[in-house]
Each structure stands twice: as structure tokens, then as C-alpha cells.
Amino acid sequence: MNAIPLSSMTPALPEIVLAAGAMALLMVGAFRERSAQLVNLGAIMLLVAAAFLAAALPDGTAFGGSFTVDGFARFMKVLAFGGSAVALVMSLDYLAVEKQQKFEFAILILLSATGMGMLISAGDLIALYLGLELMSLSLYVVAAFNRDSVRSTEAGLKYFVLGALSSGMLLYGCSLIYGFTGTVSFAGIAKASANGGIGLTFGLVFLFAGFCFKVSAVPFHMWTPDVYEGAPTPVSAFFAAAPKIAAMAIFARATISAFPGIVPQWQQIVVFVAIASMVLGAFAAIGQRNIKRLMAYSSIGHMGFALVGLASGTAEGVQGVLVYMSIYLAMTVGAFAVILSMRRPEGMVEQISDLAGLSRTNPAMAFFLALLLFSLAGIPPLAGFFAKYYVFLGAIKAGLYGLAVIGVLASVVGAYYYLLIVKIMYFDEPAKGFQPMPGELKAVLGVAGLFNLLFFVYPAPLIAAAGAAAKSLF
Amino acid sequence: MIIPALFFYLFAGVCIAAAFMVIAAKNPVHSVLYLILAFVNAAGLFVMMGAEFLAMILIVVYVGAVAVLFLFVVMMLDVDFAELRQGFLQYLPVGALVGAIFLAELLLVVGAWVIGPGVPQTIAAPIPTGVNNTEAIGRVLYTQYVYYFQAAAVVLLVAMIGAIVLTLRHKTGVKRQDIGEQVARTKATAIEIVNVKPGQGLGA
């Protein structure tokens, strides 16, 4: 028989390492008492190793084109695996204090990261679906991880039911696309779809509905605030970081590599979704009292900004998406490092009013959070400004002036609620102080803050890497 | 030619009718039974297409295992369907509107049905000749499709871990038989010698 040589699987090495490592750690966890610490440590090391492996692998395809490694995949995988590792580091203290320490948490994060890698590298619709399900199924479980809390189980169930619905729509779209083109591989679809056709567009719409759900873009964003609020805080931090990156990666890859023949059709959908997300993210966040809900709306808005880059459909636009996602990752994990340290002796707090007067009770934390909030608002010279600059630049070069103008206006509205938090921290009467921040959260916050502050000094490496990665898609 | 067509319409018709009854039946147990009928008819359709292996797997796995499991769950859960249906009429207008729009869109799609010019070149796998179903599937499952196969296996592993994480509780204070402990008992731990003085009993 035509057996596959083992060496032909090398492009999938990071995912194989992650999956095999997860199974080995599962055995460790199952057969050793109280091994959660050990498993967590092993999982973090595996994720870091996978990130390095992913960065080092040369271009190539495996499994008959179902699995692609190119510059784009390398870039996104480093972000996704790195984001997962940081989220896991940030969860250590929380899980220990809240007595939620179970070794399965790290295993599920590892398997979810495996799914992200498969998703980012997917070269056809079946690989896409399997990667997406592997990623999401683990996410549903970790959302409900605090199973004795009603809100956490509600978050998990809500996410699961809506996620299943979106998977159904995605599959319906896939089957329509397969029906109208006769193939599942992206390259084949691109060849067969050169002339378009209403049936193909119909399938595309359903496919996009599934993607929009995963990146939490309007009109498929409804789950985001409830899930972020209900899930344990480190889980929300993880949700905001890594899965968004993987989902955005497959959104870009599928659109650019499978549907280059029908750009006007998908462009108008992406433009609509981007505008709706930016506007809703900006306006709905204003009334929020809970900081986790606020971060949820903020992430909806940011996905809208990232989609502005995709809407242009050019290499510059995709470069903008890549830059945006990297900077978004740094801003979000930093902000969640602060949210995870909002702990008083009586327990975690998550109201925005609890941050009042933080500049006097904990000046360093207040300074870094203010820095990140300015960056999230997109105020120069912080990194968030450059993120927005590159996506808008891509949109303007593609002639989408209206989109860029609406985006800038939405970011002005969005700046209001970010700056409101800064005002509460610096000018309101101090509330009771928080307990001291654990060391690893300090480190994450410090690195994220300094990255945002000093990005403008030497932005070239990231911009160049993103540019090269974006070119590999075209 | 007429007999295959006749059987096709028989299987397809019963399958759709049974599928409709799954959602229309008042009693959930009846729903599951209709579901089994739908599966059996779908298996019949597979046989007519020459996919005997899939047909048998459908019967063995779906009817034999999944549907029976469903039946157990439905019988064990005490679901009050009358209560669930209460909101039905309230949402009917909105639902009907969405359904109508959806139907119109579907008609548009079906109306525009043309097979793309690129399609004949992209069709993936020709039907192999000279081998039976099982062999044909076996030849590609671990070679051409090994990636999908393994990925699906990992998805199932996650489902298993998830189910255990969310439901398994180690109760404390439950008395269980521990054979190792029973065997390891020694004379010192098992019996106590009490020196009872005559005429006094064990006392209180």
C-alpha cells in the first residue's frame, strides 16, 4: 500500500508535540495525586516549545494539502501558542487561591491550542472544521470549569449551545461550497469559483456566519459579554487572547486563499461586519459597570478594527490584521493581568468602581493599566495607535474611505469609556486597596505595558515580519 | 429501472416523513422511535448507492447504540414538554417570518443551480472498481485521510475529558470495598482481646 513516510508529517510537528504532550500529561495527572502544579508547568513548557517549533519550521504542506505551513501560519501560530502560554501562566495563582486546581485545566488548554494550530494551518474545509471543533470543544469545557458556580455553568452552556448553532451554520456553508465547486480544498475552490455564482455566495455567507461567531463580531457577538462575565477570570483572559487569533487567522486565510475570484461579494460582508462591530463595541461598552463585560465589548470593537484590514483584501490590509492581532494580544493580556489582581481579602471583585483611586493605593498598577487603556483607545505614540494606523492605511489604499472614516469615529467614541476608567483610577476617592499582586502577573503586566509604551521606538521587526507573513498568503 | 426508482422513493419518502414525526410527535419516546425509523431508511438509501459498509455501520452504531442511549436518557429525564411548548405560539410570527425569508433565499439558490465549469476537474475521488466497500474505505482511511481520522479522534478525547471534568465528583464518606486493605489486616488491627472478669459483664 502507499504508506505515508513519517518525515512527510514534519510540517505538523508543533501540533503533534502538543497533542502527544497533552496525552502524556493526562497520564501524569491521572496516576499521580495532586499533580496539578507539575502538569501546569509541563503544559507551559510544551506551549513555549511548540511556539519555537512553529517559528522554526520551513514552508511545506502535509497530508495531501490539508495542512499548510507558510509565513502566515508561522506568525499566527507563534501568537496563538504564546498567548495560550501567557494565559496559563496568569491562571496559576487564581486557580490555587480559588481552590480550582485541577490538572485537566492545563490539558484542555493544550488540546485547544492544538486545535488552534490545526485551524491556522488548515488547507481545506474538513481540516478547518476539525480544527475549529477541537479548539471550541475545549473552550466550552473550560468556560464551565467552575462547575459549582451557577454563572460559570451558565456561561459554559450558553457558549456551547450558541457554538453548536454556529458550527451548524458553518457546516451548511461548507456543504454548499462543496456542492457548487466539487472540492473542499482552498486551492481547488479558488480555481472553481473564479466565475462566482449565487449558490457559492450563499455558502460563503454561512461560512462567514460561523467565522464571525468565533471572532465574536457583530451580529454574532451575543455570547461574548455573558461568557466573559460568567467564566472564571483566567478563562476569560484566555478567550480574549488565543482563540480570537486563531479564528481571525482562518477568517483571513479562507477568504484570501479560497475566494480570490469573488472579492466584491465577500468584501461587502466583511465591511458590514467590521462597521457593525466597531460601532456596537464603542457604544455598548459605555454603560458597563463590570470590567469583564467591558473587556468583552472592547474585544468586539477590536475585532471590528482588525476586520477593517481584512476588508481591503490586499497584502497591506492583511499585514494590518497581523500587526493588529499581535498588539491586541499584548494589550489584552496586560489588562487581564490587572483584572486578575483585583482581589480583596473577602474575594475577587470585578466592578469598575472598585478601581477608584487606584493611583493612590497602588500607583504602579494604576500607571500600567492607564498605559494599556490609552493604548486600547489608540492614542499615539502607544502601540494601539500603530495597530489602528496599519489597518486604516490598508483600507484607504484599497479605496474604502467610508469604512476608514467610520472606524476613526468609532475609535473616538471608544476612547470615552477607556478614559473614564483612567479618570476613576486617578481622580476618584480611593476605594479599599487590593491584595499584593502575584509575581507572575506583575511580570506579564510589566512586559505588556513596556511593549505598548516602547513599541514606537523600534517597530520595524514586527511590521516587517507581518508584511512577509501577509505576502505568503497571496 | 423502475424498481430501483420505486425503492428510492419509498425509502426517501418514509425517511422524510419519519424525520418530520421526530419533531412533531407529542411523546418524546415516540420521537426517538421515529428517529430509528429514519435511520433505517437512510441505511436503505446507502445500500441503493452501493455503500453497504456505511449502511451497516449506520444500523449498528446509530440504531444499536446512539438511539438506544437516547431512549434511555429520554425515559430517565422527566421533561415536561407541555411546559416547553407554552412559548411556542408567542414566537410563532417571528419564527414564521424568518422561515419565509429563508425559504425565499433557498428558492433563489436552487433556481440558480448550475454546475460550475471547473467542477469536473476538481472532483476528488473516483469510485474504485473491483474492491468491496470495506476494503476501499480501509485503503484510504489510514493513508489519504489519516489526518482527518486522527483529528476526529482527538476531538472525541476532548469530549471524554470534558465530560469527566464537569461531572465526576469524588464523594467523601462513602463506604467502598477496598480489597487490598482487607487483605492487609493483621491480628493486631483486627481483634481486640478484652479481659472480662467473671460476673461483671462488659460494663457500660
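Which of the residues that make up segment B:141-151 are farther than 15 Å from B:Leu54 by Cα, open to solvent by 40 Å² or more (accessible area, probe 1.4 Å) and part of a helix (DSSP H, G or I)? Across segment B:141-151, the qualifying residues are B:Phe149, B:Gln150.
The numbered conditions (1) more than 14 Å from chain B (Cβ to nearest Cβ); (2) open to solvent by 10 Å² or more (accessible area, probe 1.4 Å); (3) in contact with a Gly (Cβ under 9 Å, 6 or more places away or on another chain); (4) over 22 Å from A:Tyr328 (Cβ atoms) are all true for A:Ser35 except (2). Every listed requirement among (1) more than 10 Å from chain B (Cβ to nearest Cβ); (2) without any contact (Cβ under 8 Å) to a residue 12 or more places away in the chain is met by A:Arg147 save one, (1). Taking first residues from segment A:151-176 that are closer than 11 Å to A:Leu137 by Cα and partners that are outside any helix (DSSP H, G or I) and modelled with pLDDT under 95, the Cβ contacts under 9 Å between residues at least 6 apart in sequence or on separate chains come to A:Gly156/A:Ala144; A:Gly156/A:Phe145; A:Gly156/A:Arg147; A:Gly156/A:Ala231; A:Tyr159/A:Ala144; A:Tyr159/A:Ala231; A:Phe160/A:Ala144.
Of the residues A:Ala252, A:Ala282, A:Ala246, A:Ala258, which is crowded, with 21+ Cβ neighbours inside 10 Å, farther than 20 Å from A:Ser152 by Cβ and more than 19 Å from the chain's Cα centre (by Cα)?
Just a single option satisfies the conditions, and that option is A:Ala258.
Which of the residues spanning segment A:150-180 are of a type outside the set (A, V, I, L, M, F, W, C) and more than 10 Å from chain B (Cβ to nearest Cβ)? Passing the criteria: A:Arg151, A:Ser152, A:Glu154, A:Lys158, A:Tyr159, A:Gly163, A:Ser166, A:Ser167, A:Gly168, A:Tyr172, A:Gly173, A:Ser175.
Table: residues versus (1) in the same structural domain as B:Leu54 (by TED's automatic domain parsing); (2) modelled with pLDDT under 85; (3) not hydroxyl-bearing (Ser, Thr, Tyr).
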| site | (1), (2), (3) |
| --- | --- |
| B:Val140 | no, yes, yes |
| B:Ala152 | no, no, yes |
| B:Gly173 | no, yes, yes |
| B:Asp178 | no, yes, yes |
| B:Thr189 | no, yes, no |
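Is it the case that A:Tyr328 is open to solvent by 10 Å² or more (accessible area, probe 1.4 Å) and in a helix (DSSP H, G or I)? No: the conditions fail for A:Tyr328. The conditions of being more than 19 Å from A:Cys212 (Cβ to Cβ), within 11 Å of another protein chain (Cβ to nearest Cβ) and out of contact with any Phe, Trp or Tyr (no Cβ under 6 Å at 6 or more places or on another chain) are not met by A:Leu119. Taken across segment A:57-71, residues that are more than 23 Å from A:Glu133 (Cα to Cα) and either open to solvent by 50 Å² or more (accessible area, probe 1.4 Å) or modelled with pLDDT of 95 or more (or both) do occur, with at least one present.
The listed residues are A:Ala30, A:Ala20, A:Ala12, and the only one of them that is within 14 Å of chain B (Cβ to nearest Cβ), closer than 29 Å to B:Thr143 by Cβ and open to solvent by 30 Å² or more (accessible area, probe 1.4 Å) turns out to be A:Ala20.
Going by what's in this entry, would A:Phe202 be described as under 26 Å from A:Ala276 (Cβ atoms) and within 8 Å of chain B (Cβ to nearest Cβ)? Yes.
The residue that is least open to solvent (accessible area, probe 1.4 Å), among those in segment B:57-73 that are more than 17 Å from B:Ile137 (Cβ to Cβ) and of a type in the set (A, V, I, L, M), is B:Ala67.
The values are calculated or read from the model by the stated rules, or taken from the named source; none is laboratory data. Keep in mind that this is a model prediction, so the values were computed, not measured. Neighbour counts are summed over all protein chains in view; Cβ atoms, including those assigned to glycine, are modelled from backbone coordinates with ideal geometry. All accessible areas refer to the heavy atoms of the entire protein, side chains included, with ligands and DNA or RNA removed. Shrake-Rupley method; radii C 1.70, N 1.55, O 1.52, S 1.80 Å.
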